[in-house]
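Following: one structure in structure tokens, then a few remarks.
The values are calculated or read from the model by the stated rules, or taken from the named source; none is laboratory data. These figures come from a predicted structure and were not determined experimentally. Every residue, glycine among them, receives a Cβ derived from its backbone with ideal geometry; neighbour counts consider all protein chains shown.
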Amino acid sequence: MTINKTDFGQNFIWGTAQASYQTEGAWNIDGKSPSSWDTFSQKKGKIERNENGNTATDFYHRYEEDLNFLKSMNFKHFRFSLSWPRILPNGTGEINPKGVQFYHKVIDKCLELGLTPWVTIYHWDHPQTLENKGGWTNRKMVDWFSEYTEFVSKEYGSKVKNWMILNEPLTFTIMGYMLGEMAPGKKGINNFRKAVHHANLCQAKGGRIVRKNVTNANIGTTQFTSYIEAHTTKDTKAAERMDALINRLFIEPSLGMGYPESKLFFLKSMKKVMLPGDIEKMKFDFDFIGLQYYFRTVIKKSAFMPYVWAKEVPPIKRGAIANQMNGEVYPEGFYQLMKRFSDYPSIKKVIITENGSCFTDILKDGKVTDNERIEYFKSHLNQVIRAKNEGMKVDGYFVWSLTDNFEWDKGFRPRFGLVYVDYKNNLNRHIKDSGIWFKNLLK
Ligand code: GAL
């Protein structure tokens, strides 16, 4: 299976993606206040091995080195996120000049190296001061988020043209406000309902603000997706319910379609938290949708899982190949989701803003032979070629991730990077074979 750069067309966007909390470290210096993730990960028992992102990969001090790696692998685009509490330590109000300056330095370094910066405004780390007031469960979040977005889009808008409003609202609302497994660790349907709705409002409002402030902006927002399939024919309805939850909850409101309540009955109760006019307010004409794909999910019905009445049949029980986080390696699902997103008439273009996988990497003599990851990329990029050949509007691909980093509640164990980070040895970086593979592909 040979893959050539030319198979993707001349203007195809090639980049890598990462997020502030997972990489920056420097959690309490230069005027930054704690984020919801600082608070959560510093509590005992929340993260595997009680790890936290206090230092992460120290991107805050090593961004030049990392950007040089990116450039050396022949990528041209760099996606990263802004840490809200670094810029606005109180969430709103007073600006922290050192924090603002840090992102100027990252952006300027990108531009100097000929890399195009792609900024995610929110990748899950909001100021703890705002979480203390309810965070995403408080409708005031729309005002707080608007103030933050106003500031960053004006501040960086002359240099940055590519913007993503939210990263995977599904993940942070379900994991953070329903299941309590990620920051801020809240649980229950009441929290979830509010968080979902307020995230939908911010997603669209953020888009309108960036549109107003940035000339020639290319504006998107990114969505978690998983290819959902029924375990047996008896499970079809359960799979549809799960699909509405996983794949439709944030994209359809943004397209003006409201919540997918016909497939997932409990969404009728979203009305409890909606105000007149909200359907319209959740809508925004995005220039692109960021599709993020990692694995397939096989579903069977379950009487014990309230609201969705469905549960996963894990890959291990089906004898399927899975990664370090038990995500099934399933390239066909990637194709199916590109097709599905391309089929929404009002989606103008799709950009793969994250795709990648974690395997057990071993550093030996400064090298990491990660053939499984190379195979993962080959099989998934083949699906991108297939989609493009069928005329789908897929315009770019960002690898998750440039370097290994802090994988949320799983800590540092899962490694997703093209560049290995030696956590035991001064955070030294080593390019993996998959990084060299990309370097050759993209030259
Ligand atoms: C995504 C998330 C990233 C990263 C990745 C790998 O859901 O946006 O931050 O953690 O998964 O699991």
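In the stretch 65-74 there is at least one residue that is closer than 20 Å to residue 163 by Cα, touching a residue at least 12 places away in the same chain (Cβ under 8 Å), surrounded by 14 or more Cβ atoms within 10 Å (Cβ to Cβ) and not basic (Lys, Arg). Within the stretch 95-105, is even one residue in a helix (DSSP H, G or I) and aliphatic (A, V, I, L, M)? So far as the stretch 95-105 goes, yes, one or more of its residues are in a helix (DSSP H, G or I) and aliphatic (A, V, I, L, M).
Quick one: in the stretch 199-222, which of the residues that are touching a Gly at 6+ places or on another chain (Cβ under 9 Å) and under 18 Å from residue 256 (Cα atoms) is surrounded by the fewest Cβ atoms within 10 Å (Cβ to Cβ)? Residue satisfying both the conditions and the ranking: 219. Could you grab the pairs with beta carbons closer than 7 Å, sequence gap of 6+ or different chains, first residue in the stretch 12-23 and within 7 Å of residue 396 (Cβ to Cβ) and assigned to a loop (DSSP other than H, G, I, E, B), second one more than 10 Å from the ligand (Cβ to nearest atom) and not aromatic (Phe, Trp, Tyr)? Final answer for the pair search is 12/395; 12/396. Residues in the stretch 165-175 include at least one that is among the polar types (S, T, N, Q), over 16 Å from residue 219 (Cβ atoms) and in contact with a helix residue (DSSP H, G or I) (Cβ under 7 Å, 6 or more places away or on another chain). Evaluated against (1) free of Cβ contacts under 8 Å to residues at least 60 places away in the same chain; (2) hydrophobic (A, V, I, L, M, F, W, C); (3) within 15 Å of the ligand (Cβ to nearest atom), residue 392 falls short on exactly one condition, (3).
If you filter the stretch 395-416 down to residues that are within 11 Å of the ligand (Cβ to nearest atom), part of a loop (DSSP other than H, G, I, E, B) and of a type in the set (Phe, Trp, Tyr), you find that the one that is farthest from residue 76 (Cα to Cα) is 406.
Residues in the stretch 124-154 that are in a loop (DSSP other than H, G, I, E, B) and either within 16 Å of residue 167 (Cα to Cα) or within 16 Å of the ligand (Cβ to nearest atom) (or both): 124, 125, 126. When residues in the stretch 252-265 are screened for being crowded, with 17+ Cβ neighbours inside 10 Å and part of a helix (DSSP H, G or I), 3 of them pass.
If I ask for residues that are hydrophobic (A, V, I, L, M, F, W, C), within 15 Å of residue 380 (Cα to Cα) and buried (at least 16 other Cβ atoms within 10 Å of the Cβ), which ones from the stretch 319-345 would you list? Within the stretch 319-345, 322, 329, 334, 337, 338 qualify. Inspection of the stretch 349-360 identifies at least one residue that is outside any helix (DSSP H, G or I), buried (at least 17 other Cβ atoms within 10 Å of the Cβ), among the aliphatic types (A, V, I, L, M) and away from the ligand (no atom under 16 Å from the Cβ). Residues in the stretch 266-293 that are crowded, with 21+ Cβ neighbours inside 10 Å and either more than 30 Å from residue 211 (Cβ to Cβ) or small (Gly, Ala, Ser) (or both): 290 alone. I'm checking my understanding of the structure. Among residues of the stretch 1-43 that are more than 26 Å from residue 163 (Cβ to Cβ) and within 16 Å of the ligand (Cβ to nearest atom), which one is surrounded by the fewest Cβ atoms within 10 Å (Cβ to Cβ)? Selected residue: 41. Scan the stretch 254-311 for residues that are within 21 Å of the chain's Cα centre (by Cα) and within 19 Å of residue 231 (Cβ to Cβ) and the total you get is 3.
Selection of first residues in the stretch 413-436 that are of a type in the set (S, T, N, Q) and surrounded by 16 or more Cβ atoms within 10 Å (Cβ to Cβ) and of second residues that are modelled with pLDDT of 95 or more and outside any strand (DSSP E or B), restricted to Cβ pairs under 7 Å at least 6 apart or on distinct chains, gives the following pairs, ordered by first then second residue: 434/370; 434/373; 434/374; 434/377; 434/418. In the stretch 203-210 there is no residue matching the filter, namely being among the polar types (S, T, N, Q) and within 22 Å of residue 320 (Cβ to Cβ). Scanning the stretch 166-183 for residues that are over 16 Å from residue 35 (Cα atoms), out of contact with any strand residue (DSSP E or B) (no Cβ under 7 Å at 6 or more places or on another chain) and within 10 Å of the ligand (Cβ to nearest atom) gives a single hit, 175. Annotation: residue 420 fulfils all but one of (1) closer than 23 Å to residue 76 by Cα; (2) among the aromatic types (Phe, Trp, Tyr); (3) assigned to a loop (DSSP other than H, G, I, E, B); the unmet one is (3). For residue 159, the conditions (1) surrounded by fewer than 18 Cβ atoms within 10 Å (Cβ to Cβ); (2) in a helix (DSSP H, G or I) all hold with the exception of (2). Could you check how many residues of the stretch 362-376 are of a type outside the set (Lys, Arg) and crowded, with 21+ Cβ neighbours inside 10 Å? Count: 3.
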